[in-house]
Amino acid sequence: MDPLTALNHLLNFAAPALVLAMVLVPGSRVFMKKTAAALSWWAQVAIVFAVGCGVLVAGLWWLGRDGKVLTYAVLVLATGTCQWLLRRGWRV
């Protein structure tokens, strides 16, 4: 596999985590108006993206292949919980 193809595979692997982070952070500002964010929006995107990539790597390691629905379900739960914690959702 040449380096360009490997980069393409890596970007496609991380794309769900990036898209979810880019949707969750602005969405949390809309739905959680009464809470104050502890970090700036780009820091929240970076943290949620890192958590999402960690979940995708753990799912690849645990299940043996990429693209399993269980991995994506855990991805949604983990990134949602991470964003809830970053927005201090328990203080509502």
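The values are calculated or read from the model by the stated rules, or taken from the named source; none is laboratory data. This structure is a prediction, so every number in the text was calculated from the model and none was measured. As a convention, Cβ positions derive from the backbone with ideal geometry for all residues, glycine included, and neighbour counts pool all protein chains shown.
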_Pairs where the first residue, in the range 62-75, is surrounded by 12 or more Cβ atoms within 10 Å (Cβ to Cβ) and the second is among the hydroxyl-bearing types (Ser, Thr, Tyr), C-beta under 9 Å, 6+ apart_ = 63/71
*asked:* Suppose we keep only residues that are in a loop (DSSP other than H, G, I, E, B) and of a type outside the set (Gly, Ala, Ser) within the range 49-92. Which one would you say is farthest from residue 9 (Cα to Cα)?
replied: 92
*In this structure, does residue 6 turn out to be assigned to a helix (DSSP H, G or I), out of contact with any Leu (no Cβ under 6 Å at 6 or more places or on another chain), surrounded by 12 or more Cβ atoms within 10 Å (Cβ to Cβ) and small (Gly, Ala, Ser)?*
no
*Any residue in the range 38-57 that is farther than 19 Å from residue 89 by Cβ and in contact with a Pro (Cβ under 8 Å, 6 or more places away or on another chain)?*
yes
*So, in the range 28-48, of the ones that are in a helix (DSSP H, G or I) and over 13 Å from residue 86 (Cα atoms), which residue ends up modelled with the highest pLDDT?*
30
*Going by the structure shown, is residue 6 among the hydrophobic types (A, V, I, L, M, F, W, C) and over 13 Å from the mean Cα position of the chain (by Cα)?*
yes
